[in-house]
Amino acid sequence: MTAQAAIPVTVFTGFLGAGKTTLLNRVLTENHGKRYAVIVNEFGEVGIDNDLVVNSDEEIFEMNNGCICCSVRGDLIRIIEGLMRRRSRFDGILIETTGLADPAPVAQTFFVDEDVRKNTKLDAIVTVVDAKHLVGALENVPEAQEQIAFADIILLNKTDLVEPEELDAARERIRAINPVATIRETERCGIELSDVLGRDAFSLDRILEVEPDFLSSLHEHEHDDHVSSLSLVSDQPLDPGKFFPWIQEIIQTLGTNILRMKGIIAFGNDPDRFVIQSVHMLLEGDHQRPWREGEARTSRLVFIGCNLPKEALRAGFERSFAGERQHS
Amino acid sequence: MSLRYPFIQKRSEDLKGAADRIKIWTREALSLSDDAAVKVSEINCRDRACPGVETVILVMIPELPTRMIRIACPLAEVRLADLEAVL
(Lines give C-alpha, C1' and ligand atoms only; values in the text may rest on other atoms or scores of the structure.)
Protein backbone atom coordinates (compact mmCIF):
# COMPACT_ATOMS: atom_id res chain seq x y z
CA MET A 1 0.00 0.00 0.00
CA THR A 2 1.40 3.42 -0.90
CA ALA A 3 1.26 6.29 1.56
CA GLN A 4 -1.30 8.96 0.78
CA ALA A 5 0.11 12.28 -0.38
CA ALA A 6 0.07 15.10 2.14
CA ILE A 7 -2.84 17.49 1.63
CA PRO A 8 -1.64 21.01 0.69
CA VAL A 9 -2.82 23.79 2.97
CA THR A 10 -2.98 27.44 1.90
CA VAL A 11 -3.41 30.14 4.53
CA PHE A 12 -5.17 33.37 3.56
CA THR A 13 -4.39 36.16 5.91
CA GLY A 14 -4.65 39.91 5.61
CA PHE A 15 -6.05 43.12 6.91
CA LEU A 16 -9.70 43.66 7.57
CA GLY A 17 -11.45 44.56 4.33
CA ALA A 18 -8.39 43.93 2.17
CA GLY A 19 -10.14 41.35 0.03
CA LYS A 20 -9.26 37.92 1.35
CA THR A 21 -12.89 36.76 1.37
CA THR A 22 -13.13 37.86 -2.27
CA LEU A 23 -10.10 35.70 -3.04
CA LEU A 24 -11.51 32.81 -1.07
CA ASN A 25 -14.80 33.02 -2.93
CA ARG A 26 -12.99 32.98 -6.25
CA VAL A 27 -11.23 29.75 -5.29
CA LEU A 28 -14.51 28.22 -4.18
CA THR A 29 -16.63 29.22 -7.13
CA GLU A 30 -14.36 29.18 -10.17
CA ASN A 31 -13.88 26.08 -12.26
CA HIS A 32 -10.28 25.02 -11.69
CA GLY A 33 -10.75 21.31 -11.20
CA LYS A 34 -9.76 21.18 -7.53
CA ARG A 35 -11.94 20.68 -4.48
CA TYR A 36 -11.14 22.52 -1.27
CA ALA A 37 -12.14 22.15 2.33
CA VAL A 38 -12.29 25.59 3.92
CA ILE A 39 -11.65 26.71 7.46
CA VAL A 40 -13.11 30.16 8.01
CA ASN A 41 -13.47 32.44 10.97
CA GLU A 42 -16.92 33.62 10.03
CA PHE A 43 -19.70 31.68 8.34
CA GLY A 44 -21.88 33.54 5.90
CA GLU A 45 -19.28 35.33 3.83
CA VAL A 46 -18.11 32.42 1.72
CA GLY A 47 -19.90 31.51 -1.45
CA ILE A 48 -20.66 27.90 -0.63
CA ASP A 49 -22.24 26.21 2.32
CA ASN A 50 -21.53 22.55 2.90
CA ASP A 51 -19.89 20.31 5.42
CA LEU A 52 -16.43 21.04 4.02
CA VAL A 53 -16.72 24.64 5.18
CA VAL A 54 -15.80 24.63 8.85
CA ASN A 55 -15.87 27.47 11.33
CA SER A 56 -12.82 28.05 13.50
CA ASP A 57 -12.54 29.85 16.81
CA GLU A 58 -8.81 30.72 16.63
CA GLU A 59 -8.01 28.85 19.81
CA ILE A 60 -4.32 29.19 20.65
CA PHE A 61 -2.51 26.59 22.73
CA GLU A 62 0.78 27.27 24.36
CA MET A 63 2.36 23.84 24.31
CA ASN A 64 5.24 24.85 26.51
CA ASN A 65 4.73 27.34 29.34
CA GLY A 66 3.64 30.29 27.29
CA CYS A 67 6.49 30.12 24.81
CA ILE A 68 5.35 31.74 21.57
CA CYS A 69 7.40 29.31 19.51
CA CYS A 70 5.42 26.39 20.80
CA SER A 71 2.04 28.05 20.37
CA VAL A 72 -0.24 26.26 17.98
CA ARG A 73 -3.82 26.66 16.86
CA GLY A 74 -5.82 24.02 18.72
CA ASP A 75 -8.87 24.64 16.58
CA LEU A 76 -6.91 23.82 13.42
CA ILE A 77 -5.59 20.59 14.91
CA ARG A 78 -9.09 19.57 15.83
CA ILE A 79 -10.65 20.57 12.51
CA ILE A 80 -7.94 18.96 10.39
CA GLU A 81 -8.35 15.76 12.39
CA GLY A 82 -12.04 15.80 11.45
CA LEU A 83 -11.39 16.67 7.81
CA MET A 84 -8.91 13.82 7.44
CA ARG A 85 -11.76 11.38 7.99
CA ARG A 86 -13.17 12.74 4.71
CA ARG A 87 -9.94 13.25 2.86
CA SER A 88 -11.12 11.60 -0.35
CA ARG A 89 -13.58 14.48 -0.80
CA PHE A 90 -11.09 17.32 -1.26
CA ASP A 91 -7.70 18.07 -2.82
CA GLY A 92 -6.56 20.86 -0.53
CA ILE A 93 -7.41 22.93 2.51
CA LEU A 94 -7.81 26.71 2.66
CA ILE A 95 -7.59 28.53 5.97
CA GLU A 96 -8.93 32.07 6.24
CA THR A 97 -7.78 33.94 9.32
CA THR A 98 -9.18 37.11 10.83
CA GLY A 99 -7.54 40.44 10.11
CA LEU A 100 -6.10 40.41 13.63
CA ALA A 101 -4.74 36.88 13.61
CA ASP A 102 -1.11 36.24 14.44
CA PRO A 103 0.13 34.02 11.59
CA ALA A 104 2.85 32.33 13.67
CA PRO A 105 0.68 29.84 15.58
CA VAL A 106 -1.04 28.94 12.31
CA ALA A 107 2.28 28.15 10.62
CA GLN A 108 3.71 26.41 13.68
CA THR A 109 0.73 24.06 13.85
CA PHE A 110 2.01 22.48 10.64
CA PHE A 111 5.44 21.79 12.12
CA VAL A 112 4.68 20.94 15.75
CA ASP A 113 1.68 18.62 15.71
CA GLU A 114 2.68 15.13 14.60
CA ASP A 115 -0.58 14.14 12.94
CA VAL A 116 -0.97 17.44 11.16
CA ARG A 117 2.61 17.11 9.89
CA LYS A 118 1.94 13.62 8.65
CA ASN A 119 -1.31 14.38 6.84
CA THR A 120 -0.76 17.88 5.48
CA LYS A 121 1.89 20.22 4.17
CA LEU A 122 1.84 23.98 4.43
CA ASP A 123 1.74 25.17 0.83
CA ALA A 124 1.92 28.95 1.26
CA ILE A 125 0.86 31.87 3.39
CA VAL A 126 -0.95 34.37 1.18
CA THR A 127 -1.43 37.84 2.64
CA VAL A 128 -3.91 40.22 1.05
CA VAL A 129 -3.25 43.90 1.68
CA ASP A 130 -5.21 46.93 0.65
CA ALA A 131 -3.02 49.38 -1.29
CA LYS A 132 -5.12 52.30 -0.10
CA HIS A 133 -4.92 51.52 3.60
CA LEU A 134 -1.60 49.69 3.84
CA VAL A 135 0.37 52.47 5.50
CA GLY A 136 -2.31 53.18 8.08
CA ALA A 137 -2.66 49.49 8.91
CA LEU A 138 1.09 49.08 9.33
CA GLU A 139 1.14 51.95 11.79
CA ASN A 140 -1.97 51.08 13.76
CA VAL A 141 -2.28 47.30 13.71
CA PRO A 142 0.74 45.38 15.03
CA GLU A 143 -0.44 42.16 13.41
CA ALA A 144 -0.33 43.83 9.98
CA GLN A 145 3.47 43.88 9.89
CA GLU A 146 3.64 40.26 11.01
CA GLN A 147 1.16 39.18 8.37
CA ILE A 148 3.43 40.70 5.74
CA ALA A 149 6.53 39.26 7.38
CA PHE A 150 5.20 35.71 7.32
CA ALA A 151 3.83 35.85 3.78
CA ASP A 152 5.11 33.86 0.85
CA ILE A 153 2.79 35.67 -1.54
CA ILE A 154 1.44 39.17 -1.01
CA LEU A 155 -1.56 40.40 -2.99
CA LEU A 156 -1.29 44.15 -3.12
CA ASN A 157 -4.95 44.62 -3.85
CA LYS A 158 -7.18 47.54 -4.81
CA THR A 159 -4.43 49.09 -6.87
CA ASP A 160 -7.10 50.92 -8.87
CA LEU A 161 -7.85 53.05 -5.81
CA VAL A 162 -4.39 54.61 -5.45
CA GLU A 163 -2.12 56.90 -7.41
CA PRO A 164 1.10 55.45 -8.91
CA GLU A 165 3.27 57.11 -6.25
CA GLU A 166 1.12 55.66 -3.47
CA LEU A 167 1.53 52.25 -5.05
CA ASP A 168 5.30 52.72 -5.23
CA ALA A 169 5.35 53.66 -1.55
CA ALA A 170 3.25 50.64 -0.62
CA ARG A 171 5.51 48.31 -2.60
CA GLU A 172 8.60 49.77 -0.98
CA ARG A 173 7.13 49.43 2.50
CA ILE A 174 6.29 45.78 1.87
CA ARG A 175 9.77 45.07 0.50
CA ALA A 176 11.41 46.64 3.55
CA ILE A 177 9.56 44.16 5.76
CA ASN A 178 9.66 41.12 3.51
CA PRO A 179 12.16 41.04 0.62
CA VAL A 180 11.47 37.44 -0.36
CA ALA A 181 7.72 37.24 -0.79
CA THR A 182 6.25 37.39 -4.26
CA ILE A 183 4.19 40.58 -4.66
CA ARG A 184 1.23 40.47 -7.02
CA GLU A 185 -0.60 43.70 -7.72
CA THR A 186 -4.30 43.19 -8.21
CA GLU A 187 -7.67 44.87 -8.56
CA ARG A 188 -10.48 42.97 -6.85
CA CYS A 189 -8.09 40.06 -6.27
CA GLY A 190 -7.89 39.44 -10.00
CA ILE A 191 -5.09 36.92 -10.17
CA GLU A 192 -4.54 33.55 -11.76
CA LEU A 193 -5.39 31.09 -8.99
CA SER A 194 -2.36 29.03 -9.96
CA ASP A 195 -0.29 31.97 -8.70
CA VAL A 196 -1.57 31.48 -5.15
CA LEU A 197 -2.36 27.76 -4.99
CA GLY A 198 0.04 24.83 -5.28
CA ARG A 199 3.10 26.99 -4.68
CA ASP A 200 4.95 24.60 -2.32
CA ALA A 201 6.56 27.64 -0.75
CA PHE A 202 7.59 25.90 2.46
CA SER A 203 9.48 23.17 0.63
CA LEU A 204 13.22 23.27 1.21
CA ASP A 205 13.54 22.54 -2.49
CA ARG A 206 12.12 25.97 -3.26
CA ILE A 207 13.92 28.12 -0.72
CA LEU A 208 14.62 31.53 -2.19
CA GLU A 209 13.58 30.26 -5.59
CA VAL A 210 11.04 33.03 -5.86
CA GLU A 211 12.40 36.21 -7.39
CA PRO A 212 16.02 35.10 -7.22
CA ASP A 213 17.30 38.55 -8.12
CA PHE A 214 15.74 40.25 -5.13
CA LEU A 215 19.09 40.63 -3.51
CA SER A 216 20.42 42.62 -6.38
CA SER A 217 18.53 45.64 -5.09
CA LEU A 218 18.92 46.99 -1.61
CA HIS A 219 15.93 47.39 0.63
CA GLU A 220 17.59 49.43 3.27
CA HIS A 221 14.99 52.19 3.46
CA GLU A 222 14.33 52.99 7.07
CA HIS A 223 10.80 53.04 8.40
CA ASP A 224 9.40 52.94 11.86
CA ASP A 225 8.18 49.40 11.36
CA HIS A 226 9.11 47.12 14.21
CA VAL A 227 9.47 44.34 11.67
CA SER A 228 12.28 44.62 9.16
CA SER A 229 14.60 42.40 7.16
CA LEU A 230 18.27 41.79 6.60
CA SER A 231 19.76 40.13 3.52
CA LEU A 232 23.28 38.75 3.69
CA VAL A 233 25.13 37.66 0.57
CA SER A 234 28.60 36.30 -0.01
CA ASP A 235 30.60 34.41 -2.60
CA GLN A 236 33.03 33.37 0.13
CA PRO A 237 32.49 29.69 1.04
CA LEU A 238 31.23 29.10 4.55
CA ASP A 239 32.64 26.71 7.11
CA PRO A 240 29.94 24.36 8.45
CA GLY A 241 31.89 24.04 11.68
CA LYS A 242 31.42 27.76 12.27
CA PHE A 243 28.08 28.31 10.55
CA PHE A 244 25.93 25.68 12.28
CA PRO A 245 26.86 26.66 15.86
CA TRP A 246 26.38 30.34 14.95
CA ILE A 247 22.96 29.96 13.31
CA GLN A 248 21.68 27.80 16.14
CA GLU A 249 23.02 30.27 18.70
CA ILE A 250 21.35 33.26 17.09
CA ILE A 251 18.06 31.45 16.65
CA GLN A 252 18.16 30.74 20.38
CA THR A 253 19.33 34.21 21.32
CA LEU A 254 16.94 36.17 19.15
CA GLY A 255 14.12 33.77 19.84
CA THR A 256 10.74 35.05 18.84
CA ASN A 257 12.22 38.22 17.39
CA ILE A 258 13.00 36.14 14.32
CA LEU A 259 9.79 35.68 12.41
CA ARG A 260 11.12 33.90 9.34
CA MET A 261 14.57 33.11 8.03
CA LYS A 262 15.57 31.53 4.73
CA GLY A 263 18.93 30.74 3.25
CA ILE A 264 20.97 28.97 0.62
CA ILE A 265 24.46 28.22 1.86
CA ALA A 266 27.61 27.32 -0.08
CA PHE A 267 29.99 25.39 2.10
CA GLY A 268 33.60 24.94 1.10
CA ASN A 269 34.36 21.49 -0.37
CA ASP A 270 30.69 20.58 -0.44
CA PRO A 271 29.24 19.86 -3.88
CA ASP A 272 25.66 20.51 -2.69
CA ARG A 273 23.66 23.61 -1.89
CA PHE A 274 22.57 23.58 1.74
CA VAL A 275 19.18 25.20 2.40
CA ILE A 276 17.70 26.32 5.70
CA GLN A 277 14.54 28.00 6.90
CA SER A 278 12.90 28.84 10.18
CA VAL A 279 9.56 29.96 11.51
CA HIS A 280 10.48 31.57 14.83
CA MET A 281 12.76 28.98 16.45
CA LEU A 282 11.51 26.03 14.43
CA LEU A 283 14.55 25.49 12.28
CA GLU A 284 15.12 23.00 9.50
CA GLY A 285 17.80 22.47 6.91
CA ASP A 286 19.03 19.97 4.37
CA HIS A 287 21.12 19.46 1.28
CA GLN A 288 19.12 20.54 -1.70
CA ARG A 289 20.93 19.73 -4.97
CA PRO A 290 24.44 19.87 -6.36
CA TRP A 291 25.74 23.26 -7.45
CA ARG A 292 25.54 23.35 -11.21
CA GLU A 293 28.46 23.68 -13.56
CA GLY A 294 29.20 27.40 -13.89
CA GLU A 295 26.63 28.38 -11.24
CA ALA A 296 27.86 31.11 -8.89
CA ARG A 297 28.33 29.54 -5.46
CA THR A 298 26.71 32.41 -3.64
CA SER A 299 25.41 32.08 -0.09
CA ARG A 300 22.26 34.05 0.64
CA LEU A 301 20.62 34.40 4.02
CA VAL A 302 17.56 36.49 4.75
CA PHE A 303 16.23 37.32 8.21
CA ILE A 304 12.80 38.86 8.76
CA GLY A 305 12.16 39.87 12.33
CA CYS A 306 11.61 42.43 15.05
CA ASN A 307 14.44 44.68 16.18
CA LEU A 308 17.06 42.68 14.32
CA PRO A 309 20.65 43.37 15.49
CA LYS A 310 21.79 43.79 11.90
CA GLU A 311 25.46 44.55 12.46
CA ALA A 312 25.86 41.63 14.85
CA LEU A 313 24.17 39.30 12.39
CA ARG A 314 26.35 40.53 9.55
CA ALA A 315 29.48 40.09 11.67
CA GLY A 316 28.47 36.58 12.73
CA PHE A 317 27.82 35.60 9.13
CA GLU A 318 31.24 36.87 8.11
CA ARG A 319 32.89 34.98 10.95
CA SER A 320 31.42 31.81 9.43
CA PHE A 321 33.48 32.21 6.26
CA ALA A 322 35.79 29.30 5.60
CA GLY A 323 38.72 31.49 4.73
CA GLU A 324 39.69 35.06 4.79
CA ARG A 325 36.88 37.53 4.31
CA GLN A 326 36.51 38.72 0.72
CA HIS A 327 33.25 40.64 0.69
CA SER A 328 29.71 40.50 1.97
CA MET B 1 31.83 15.61 1.59
CA SER B 2 28.48 15.08 3.08
CA LEU B 3 27.15 17.16 5.90
CA ARG B 4 25.12 16.05 8.82
CA TYR B 5 21.46 16.84 8.90
CA PRO B 6 21.57 19.07 11.91
CA PHE B 7 18.13 20.51 12.32
CA ILE B 8 15.15 18.44 11.42
CA GLN B 9 14.02 16.08 14.11
CA LYS B 10 13.56 12.90 12.15
CA ARG B 11 10.43 10.98 13.10
CA SER B 12 11.31 7.33 13.24
CA GLU B 13 8.81 4.50 13.11
CA ASP B 14 9.71 3.86 16.76
CA LEU B 15 8.50 7.34 17.65
CA LYS B 16 5.29 6.84 15.72
CA GLY B 17 4.78 3.54 17.52
CA ALA B 18 5.32 5.25 20.86
CA ALA B 19 2.85 8.01 19.98
CA ASP B 20 0.24 5.46 18.92
CA ARG B 21 0.76 3.56 22.18
CA ILE B 22 0.25 6.73 24.23
CA LYS B 23 -2.93 7.50 22.31
CA ILE B 24 -4.33 4.06 23.09
CA TRP B 25 -3.42 4.39 26.79
CA THR B 26 -5.03 7.82 26.95
CA ARG B 27 -8.21 6.67 25.23
CA GLU B 28 -8.54 3.71 27.56
CA ALA B 29 -7.73 5.65 30.72
CA LEU B 30 -10.25 8.40 29.93
CA SER B 31 -12.83 6.08 28.28
CA LEU B 32 -12.90 8.29 25.20
CA SER B 33 -15.37 7.78 22.36
CA ASP B 34 -14.40 7.79 18.69
CA ASP B 35 -15.53 11.41 18.45
CA ALA B 36 -12.66 12.49 20.66
CA ALA B 37 -9.25 13.24 19.17
CA VAL B 38 -6.01 12.53 20.99
CA LYS B 39 -2.85 14.23 19.73
CA VAL B 40 0.61 13.37 20.95
CA SER B 41 3.62 15.60 20.24
CA GLU B 42 7.17 15.81 21.44
CA ILE B 43 8.11 19.41 22.13
CA ASN B 44 11.78 20.30 22.18
CA CYS B 45 11.84 24.06 22.16
CA ARG B 46 15.05 25.97 21.44
CA ASP B 47 14.02 28.78 23.76
CA ARG B 48 16.32 28.69 26.76
CA ALA B 49 13.45 29.68 29.03
CA CYS B 50 11.57 26.53 28.13
CA PRO B 51 12.02 23.22 29.95
CA GLY B 52 13.73 20.36 28.15
CA VAL B 53 12.06 17.74 26.01
CA GLU B 54 8.42 17.20 26.89
CA THR B 55 5.61 15.04 25.65
CA VAL B 56 2.37 16.94 25.20
CA ILE B 57 -0.96 15.15 24.86
CA LEU B 58 -4.03 17.05 23.71
CA VAL B 59 -7.41 15.48 24.41
CA MET B 60 -10.06 17.06 22.21
CA ILE B 61 -13.64 16.14 23.02
CA PRO B 62 -16.39 17.83 20.96
CA GLU B 63 -18.09 20.68 22.79
CA LEU B 64 -15.56 20.59 25.64
CA PRO B 65 -12.40 22.61 26.19
CA THR B 66 -9.27 20.83 25.04
CA ARG B 67 -7.34 19.21 27.85
CA MET B 68 -3.57 19.38 27.74
CA ILE B 69 -1.49 16.75 29.52
CA ARG B 70 2.25 17.25 29.82
CA ILE B 71 4.84 14.64 30.72
CA ALA B 72 8.39 15.77 31.34
CA CYS B 73 10.26 13.25 29.22
CA PRO B 74 10.80 12.36 25.56
CA LEU B 75 7.89 10.76 23.77
CA ALA B 76 9.66 7.42 23.33
CA GLU B 77 10.29 7.15 27.07
CA VAL B 78 6.71 7.70 28.27
CA ARG B 79 5.42 4.72 30.25
CA LEU B 80 1.85 3.96 31.22
CA ALA B 81 2.71 4.78 34.83
CA ASP B 82 3.90 8.27 33.76
CA LEU B 83 0.58 8.91 32.07
CA GLU B 84 -1.47 7.58 34.97
CA ALA B 85 0.45 9.80 37.33
CA VAL B 86 -0.68 12.98 35.55
CA LEU B 87 -4.24 12.03 34.65
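Observations
- In segment A:240-260, the residues that are under 23 Å from A:Val227 (Cβ atoms) and open to solvent by 30 Å² or more (accessible area, probe 1.4 Å) form Cβ pairs under 7 Å with partners that are part of a helix (DSSP H, G or I) and of a type in the set (A, V, I, L, M), at six or more places apart or across chains, as follows: A:Thr256/A:Ile68.
- Within segment A:289-311, residues that are not assigned by TED's automatic domain parsing to the domain that holds A:Pro179 have Cβ atoms under 6 Å from residues that are open to solvent by 50 Å² or more (accessible area, probe 1.4 Å) and part of a loop (DSSP other than H, G, I, E, B) in these pairs: A:Pro290/A:Pro271; A:Trp291/A:Arg297; A:Thr298/A:Asp235; A:Cys306/A:His226, counting only partners at least 6 apart in sequence or on another chain.
- Selected residue (only one of A:Thr98, A:Thr127 is of a type in the set (Ser, Thr, Tyr) and in a strand (DSSP E or B)): A:Thr127
- Subset of segment A:266-276 [aliphatic (A, V, I, L, M) and at the interface with chain B (Cβ under 9 Å from one of its Cβ atoms)]: A:Ile276
So that you can scan it fast, the table gives a plain yes or no per residue for (1) within 14 Å of chain B (Cβ to nearest Cβ); (2) within 30 Å of B:Lys16 (Cβ to Cβ):
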residue	(1), (2)
A:Val106	no, yes
A:Thr109	yes, yes
A:Val112	yes, yes
A:Ile148	no, no
A:Asp160	no, no
A:Asp168	no, no
A:Leu193	no, no
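- As a summary of the residue check, A:Phe111 satisfies the conditions (1) part of a helix (DSSP H, G or I); (2) open to solvent by less than 10 Å² (accessible area, probe 1.4 Å) except for the one numbered (2).
- Residue in segment A:12-23 that is nearest to the chain's Cα centre (by Cα), counting only those that are surrounded by 24 or more Cβ atoms within 10 Å (Cβ to Cβ) and part of a helix (DSSP H, G or I): A:Lys20
- Residues in segment A:277-296 that are under 28 Å from A:Val72 (Cβ atoms) and facing another protein chain (nearest Cβ under 7 Å): A:Met281, A:Leu283, A:Glu284, A:Gly285, A:Asp286.
- For segment A:141-198, the tally of residues that are open to solvent by less than 50 Å² (accessible area, probe 1.4 Å) and in a strand (DSSP E or B) stands at 7.
- Check on A:Asp286, open to solvent by 30 Å² or more (accessible area, probe 1.4 Å), touching a residue at least 40 places away in the same chain (Cβ under 8 Å) and in the same structural domain as A:Pro245 (by TED's automatic domain parsing): yes
The values are calculated or read from the model by the stated rules, or taken from the named source; none is laboratory data. Every value quoted in this text rests on a predicted model; they were computed, and no experiment measured them. So basically every Cβ, Gly included, is an ideal-geometry build from the backbone, and we count neighbours across all protein chains shown. Surface areas here come from the heavy atoms of the whole protein model, side chains and all, with no ligands, DNA or RNA. Shrake-Rupley method; radii C 1.70, N 1.55, O 1.52, S 1.80 Å.
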